[in-house]
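Let me begin by handing over the structure; questions about it come next.
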Number of protein chains: 2
Amino acid sequence: MIKNIEQQFLHYVKKMMSYNEAIQLMYWDMRTGAPKKGIEQRSEVIGVLSHEVFKMSTSEEMAAYIAKLSPRDVQEQLSEVARYTLAECKKEYERNKKIPADEYKEYVVLQSKAESVWEEAKAASDFAMFRPYLEKLVEFNKKFVEYWGYNGNPYNTLLDLYEPGITVDVLDEVFAKLRERIVPLVKAVVASPHKPETSFLFHPFPKEKQRAFSLKLLRELGYDFAAGRLDETVHPFAIGLNPNDVRITTRYDERDFRTALFGTIHECGHALYEQHISKELIGTPLCTGTSMGIHESQSLFYENFIGRHYSYWKRNYPLLQQYAPEQFANVPLDEFYRAINEAKPSLIRIEADELTYPLHIMIRYEIEKGLFNGTIEVKDLPDIWNDKYEEYLGIRPDNDAVGVLQDVHWSGGSFGYFPSYALGYMYAAQLKNAMIKDLPHFDELLERGELLPIREWLTANVHRFGKTKKPLDILQEATGEGLNADYLIQYLEEKYKAIYRL
Amino acid sequence: MIKNIEQQFLHYVKKMMSYNEAIQLMYWDMRTGAPKKGIEQRSEVIGVLSHEVFKMSTSEEMAAYIAKLSPRDVQEQLSEVARYTLAECKKEYERNKKIPADEYKEYVVLQSKAESVWEEAKAASDFAMFRPYLEKLVEFNKKFVEYWGYNGNPYNTLLDLYEPGITVDVLDEVFAKLRERIVPLVKAVVASPHKPETSFLFHPFPKEKQRAFSLKLLRELGYDFAAGRLDETVHPFAIGLNPNDVRITTRYDERDFRTALFGTIHECGHALYEQHISKELIGTPLCTGTSMGIHESQSLFYENFIGRHYSYWKRNYPLLQQYAPEQFANVPLDEFYRAINEAKPSLIRIEADELTYPLHIMIRYEIEKGLFNGTIEVKDLPDIWNDKYEEYLGIRPDNDAVGVLQDVHWSGGSFGYFPSYALGYMYAAQLKNAMIKDLPHFDELLERGELLPIREWLTANVHRFGKTKKPLDILQEATGEGLNADYLIQYLEEKYKAIYRL
């Protein structure tokens, strides 16, 4: 009897997941080459299917499954997959049901308006234009937090949307450490007379050659092309339709090969995660990364801990020299290594280097926390933003386009998302530290291009679980401890002190 | 009240069409580059969505809409789009409801088994292997015809699936004419000592150059790349996701540029049809070609009446010579024109030239008719097939792989489909004849590359209606008469008598 309901429930969920897979493919297609004129109709189709998934997730049928399967004695009879799936569906159900339908509809309209206003406002560098929309978005989210409830701090509820288990208390502690150690390090780097020479990075590097080189690196990193493909988009991304179809995209800048190179390695990290989620989870909401932060830990691990590592280039620099001989023939490996690890304060988050990046996130965290704790008002954001950039990075935006208006997130109502980027970074450093206990010859592996043991370690400790484990449980089991900023700080200090001879 | 139900009905149908659009995109993706390992899961997703569409098309809700909106006095109050949509949905509903669910399920299983057995049988050139499956497929279809009912001849019901309005009586008459006039013409061509020189066709022609040339021709033909794209597949096709997104694919053979060239022009003809269906029909089942035959008339019009026309090459041959100078520098236009219009009996339908092609179809028509009229049995097919090839084309297959097993259609249970190919051909010749009354300088238009008036004529007379007009109504209104094989015969006689100096 219960087994029967379990089957029906899983079948019902599988249908929702099938719709999601179709939606994801349409999304991928829109971004990689769907004909322009078809976009409007395709968006409608996506709307129809999304609405259907939403309806299913909040239906009476779903409510009945939740009611029947939730009692503890029933849950004990369920398979592990069914139990975790139930938990996900329940969470989703409650989240969606607690917001009055009319209010949510109004919010969806606001979101899409706000995004287009934000685009205009950014183009005009005019925060005043965006301000009323941002104010409403914040108000709505405050109300949602009230509906959903919160523990300790209202902002915790928003953090929980992206990184279950992470709270303001946790973040305050780690960001305090980062502030204390990274801000002075950045200042020292700025003051150092030993800056890397970087002019050779900007020679013309034809797209086709860049693509060929990227494909070679992807293969060596272990990306499975029988379960993926590489395309070109303005904003690169990785998308897991299912573990057997995980696609990545990149962007080629012929005057700066680093865009495609590090972008591709970054997306490869995301893709390896999705490609190695246990196949049993296909057709359930568990078949994806467990959180934004853990996902980002994988992409940053590949981008920084492998892709910007000296040993990795000891192996791959000669290959790069073959693809662009004129550009690199007279540049020694050491100079190349220092150049691709240049660090300097900059205004734009997505262009920031690995040393300054956490500070960009810290600024956003402090602002979001303030907005939801009533200590910051939207109207004051431009000044607060600029002051914080000056304080932490020593530079001040001279307009809002390169300041408070630079990111898309808030215009879509995403508050609580930014911290994931920094968390991913800290997780990655912690995982690296745990990994080298099992793989003490990590550097030699990179040097020999033997990347399989590294990927396998990540699969065993992170990838395979999908959403069956919470982010902090993955961290705890893989590293033996909770969130700890020390490993990232240590990594950055060691690396940048060496590069800048501090 | 009625307007209300009409709205709900159209909304319901739009949802089905949204699912269909998603399914079509997944189909396109599977054929153009989806990662191999993901195919299985993607097929499941397609299965889930297709099942949903099927359920909706036969639901009680659909039955209620049909019951409420069908009465004549109600229909009169409906918009034209709603009325035609209702008719389509009703047809589909009745077709699906009349077959007992168990039987249909059994049939679907048989279909998929039969297709894979056919593949094996074809590879082994062993009809005996495929025979029991084909027998069952024919039996099922005979039963379906009984369920659906028929007028005059049981085979009419199958013809109606692909070409509403076309019957055995009509086809017998036109095929008799084709037999009488084309069979002797083919014999005369075979006997002619004035054969075109064709060896220069088979020089290596790099894929990239072929693609660039194809893109140029497509633009000139009027294919809108803002509402489409060109990709590469083993089996080329055109697919209309909606009029603003109509994609084509082609295949490049570096030793025979004709494959991509004429294949692309052919698919372009299909695509121009789909791109120019009235946008009001989006979201209804009317937003597609009205029949297989009319669709084929558009592709064949472009492929043969434009793409194999002397005037077209008078304009485009110099361009082709630029793309492959070594291959064509010393080949005069006249020789090139004769070569691309070479006609000779061959065994394989999809490789046949325009002169012999109708005979390949006639053979299949005669066999299908015999199967469903009880005058031919499956067990005798190989002999019957081979005898007919000998009789009409003067050549005899020496194995079943190049004989009765060559086409995929029957293995999928498609009977009644083949005649559409010949009908499309006859329609195209009739349309051409009507068109030149409005565009008497047709040849000059080709010579000047002014293809817009031609496309506009086809849009005004064929494309825009989508499925709101039946094939024979389109023909009648565009040409002033019903199906008439004379125009095709006249075209072929004039053209091939000139080329082969008969």
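The values are calculated or read from the model by the stated rules, or taken from the named source; none is laboratory data. Because the structure is predicted, anything quoted here is derived from the model rather than measured. Glycine gets a Cβ as well: all are built from the backbone with ideal geometry, and neighbour counts include every protein chain shown. Ligands, DNA and RNA are excluded from the accessible area calculation, which covers all protein heavy atoms including side chains. Shrake-Rupley method; radii C 1.70, N 1.55, O 1.52, S 1.80 Å.
Give me the base-10 log of I(q)/I(0) for region A:84-230 at each q in 0.10, 0.16 Å⁻¹, Debye formula, one uniform scatterer per Cα, rounded to two decimals.
Listed by q, the Debye log ratios stand at -0.79, -1.08.
Taking all pairs of distinct Cα atoms, average 1/r, flip it, and tell me the Kirkwood hydrodynamic radius of chain B in Å to one decimal place.
Value: 24.2 Å, from the Cα pair sum.
All other residues with a Cβ under 13 Å from the Cβ of residue A:210 taken together, and with Lys, Arg as +1 and Asp, Glu as -1, what is their net charge?
+2
Restricting to lysine pairs 8 or more places apart or on different chains, what number in region A:269-399 have Cα atoms under 20 Å apart?
Working: A:344/A:388; A:369/A:379; A:369/A:388; A:379/A:388.
Close lysine pairs under the 20 Å cut-off: 4.
Then there is this: So which residue of A has the beta-carbon closest to the axis that swings A onto B, and how many whole Å away?
A:22, 2
Pick out, in residue order, every one of the GluC sites (Glu not before Pro) in region B:341-427 that is DSSP loop and has at most 14 other C-beta atoms within 10 Å; say none if there are none. Each step should come with its number before you reach the end.
Numbers: sites: B:342, B:351, B:354, B:366, B:368, B:377, B:390, B:391; in loops: B:342, B:354, B:377.
Within region B:341-427, the qualifying GluC sites (Glu not before Pro) (loop, at most 14 other Cβ atoms within 10 Å) are B:377.
Moving to a separate point now. Across the residues of B:29-42, average count of Cβ atoms on other protein chains within 10 Å? Intermediate values should be presented prior to the final figure.
Values: counts 6, 0, 0, 0, 3, 6, 12, 5, 11, 13, 2, 3, 10, 8.
For peptide B:29-42, the averaged partner shielding equals 6.
Mind listing the phi-derived Karplus ³J(HN,Hα) values for region A:351-356, rounded to whole Hz, using 6.51, -1.76 and 1.60 with θ = phi - 60°, and x for any glycine or proline?
9, 6, 7, 5, 6, 8
I would also like to ask the following. Taking region A:24-105, which GluC sites (Glu not before Pro) meet the DSSP loop condition and have no more than 10 other C-beta atoms within 10 Å?
The qualifying sites are A:76.
Taking both sides together, what accessible area is buried at the B/A interface, probe 1.4 Å, expressed in Å² and rounded to the nearest 100?
Counting both chains, the buried surface is close to 3000 Å².
Express the accessible area of region A:2-98 per residue in Å², computed with a 1.4 Å probe while the remaining protein chains stay in the model.
Solvent-accessible surface per residue comes out at 49 Å².
Name the aspartates and glutamates eligible as straight-distance cross-link partners of residue A:216: C-alpha to C-alpha under 17 Å, and not fewer than 8 places from it in the same chain.
Answer for residue A:216, where 17 Å is the Cα cut-off: A:208, A:224, A:231, A:232, A:267, A:303, A:447, A:450, listed by chain and number.
Shifting gears a bit: Please state, to two decimals, what the Cα-based radius of gyration of region B:311-367 comes to when divided by 2.2 N^0.38 Å (N = residues).
Cα-based Rg divided by the globular estimate yields 1.52.
Another question about this same structure. Taking the label point 7 Å from Cα in the Cβ direction, how far apart in nm is residue B:66 from each other copy of itself, listed shortest first?
3.7
In whole Hz, what ³J(HN,Hα) sequence does region A:25-35 give by Karplus (6.51, -1.76, 1.60; θ = phi - 60°), x for Gly and Pro?
5, 5, 4, 4, 4, 4, 8, 9, x, 4, x
Using modelled backbone amide H atoms (1.01 Å from N, in-plane), which distant-in-sequence or interchain residues come within less than 5 Å of residue A:242's amide H?
none
Oh, and also: When ranked by the protection proxy of mean other Cβ atoms within 10 Å per residue, highest first, what sequence do the peptides A:25-38, B:197-210 form?
A:25-38, B:197-210
Go through region B:135-147 residue by residue and turn each phi into a ³J(HN,Hα) via Karplus (6.51, -1.76, 1.60, θ = phi - 60°); whole Hz please, and just put x for glycine and proline.
For region B:135-147, the Karplus curve yields 4, 5, 4, 5, 4, 4, 5, 5, 5, 4, 4, 4, 4 Hz.
For region A:330-455, how big is Rg over Rh, using alpha carbon atoms and the Kirkwood form of Rh? All intermediate terms of the calculation are to be shown ahead of the outcome.
Values: Rg = 18.6 Å, Rh = 17.1 Å.
Ratio of gyration radius to Kirkwood radius: 1.09.
Partner chain Cβ atoms within 10 Å, averaged over the residues of A:17-23 - can you pull that number for me?
For peptide A:17-23, the averaged partner shielding equals 6.
Average partner chain C-beta neighbours within 10 Å, per residue of A:354-364? Walk me through the numbers before you get to the answer.
Details: counts 0, 0, 0, 0, 0, 0, 0, 0, 0, 0, 0.
Other-chain Cβ atoms within 10 Å of each residue's Cβ, averaged: 0.
Report the FRET efficiency, 1/(1 + (r/R0)^6), for residue A:80 and residue B:473, where r is their Cβ-Cβ distance and R0 is 41 Å, rounded to 0.05.
Values: r = 61 Å, r/R0 = 1.48.
It comes to 0.10.
Compute the relative contact order of region A:2-98 as a whole-number percentage, counting only Cα pairs closer than 8 Å that sit 6 or more residues apart in sequence.
38
A further question on this structure: What are the semi-axes of the equivalent ellipsoid for the protein assembly as shown, taken as the square roots of 5 times the Cα gyration tensor eigenvalues, largest first, in whole Å?
So the three semi-axes of the protein assembly as shown are 58, 36, 27 Å.
Would you please give the FRET efficiency between residue A:380 and residue A:99, computed as 1/(1 + (r/R0)^6) with r the Cβ-Cβ distance and R0 = 35 Å, to the nearest 0.05? Walk me through the intermediate numbers first.
Working: r = 28 Å, r/R0 = 0.80.
For R0 = 35 Å, the calculated efficiency reads 0.80.
Same structure again: Let me spell out the model: positive unit charges on the Cβ of Lys and Arg, negative unit charges on the Cβ of Asp and Glu, origin at the Cα centre of chain B. What dipole size does that give, in debye rounded to 20?
Dipole about the Cα centre, nearest 20: 740 debye.
Where the Cα atoms of region B:416-492 are projected onto their three principal axes, how long is each span, largest first, in whole Å?
Computed over region B:416-492, the largest-to-smallest principal extents equal 40, 30, 22 Å.
Shifting gears a bit: Given the -39500 (n - 2.57) contribution per DSSP H run of 4+ residues, what per-residue ellipticity at 222 nm results for chain A, rounded to the nearest 500 deg cm²/dmol?
Per the formula, -20500 deg cm²/dmol.
Taking the Cα centre of region A:2-98 as origin, sum charge times position over the Cβ atoms of Lys and Arg (+1) and Asp and Glu (-1), and report the length of that vector in debye to the nearest 20.
220
Amide H neighbours of residue A:232 under 5 Å, counting only residues 5+ apart in sequence or on other chains, H built in-plane at 1.01 Å?
Correct list: A:250.
In the protein assembly as shown, with Lys and Arg counted as +1 and Asp and Glu as -1 at Cβ, which of these residues, B:284, A:333, A:101, has the Cα nearest the positive end of the dipole, that is, farthest along it?
Going by the Cα projections, it comes out as A:333.
Let me ask something else about it. How long are the semi-axes of the ellipsoid equivalent to region B:2-98, from square roots of 5 times the Cα gyration tensor eigenvalues, in whole Å, largest first?
The three semi-axes for region B:2-98 are 33, 13, 10 Å.
Something else: Check each residue of region A:237-269 and keep those whose accessible area, probe 1.4 Å, is at least 10 Å² smaller with all protein chains in place than in the chain alone; give them in order of residue number.
Going by heavy-atom accessible area, the residues of region A:237-269 that drop by at least 10 Å² are A:242, A:244, A:245, A:247.
Which percent of the accessible area of the protein assembly as shown is formed by carbon and sulfur heavy atoms (probe 1.4 angstrom)?
On the way: 20760 of 41820 Å².
It is 50 percent, rounded to a whole number.
Same structure again: By DSSP, what percent of the beta bridges with both residues in the protein assembly as shown are antiparallel, rounded to the nearest 5?
55
For region B:76-114, which trypsin sites (Lys or Arg not before Pro) are both in a DSSP coil and crowded by at most 16 other Cβ atoms within 10 Å?
none
Distances from residue B:473 to the same residue in each other copy, label points 7 Å out along Cα→Cβ, in nm, shortest first?
Listed shortest first, these distances are 6.2 nm.
Still on this structure, I have one more. Residue B:412 label points, 7 Å along Cα→Cβ, one per copy: pairwise distances from this copy to the rest in nm, shortest first?
Taking the point 7 Å beyond Cα along Cα→Cβ, the inter-copy spacings are 3.7 nm.
Could you give the length gained by full extension between residue B:448 and residue B:109, i.e. 0.36 nm per residue of separation minus their alpha carbon distance, to one decimal place?
On the way: separation 339, 0.36 × 339 = 122.04 nm, distance 5.34 nm.
In short, 116.7 nm is gained.
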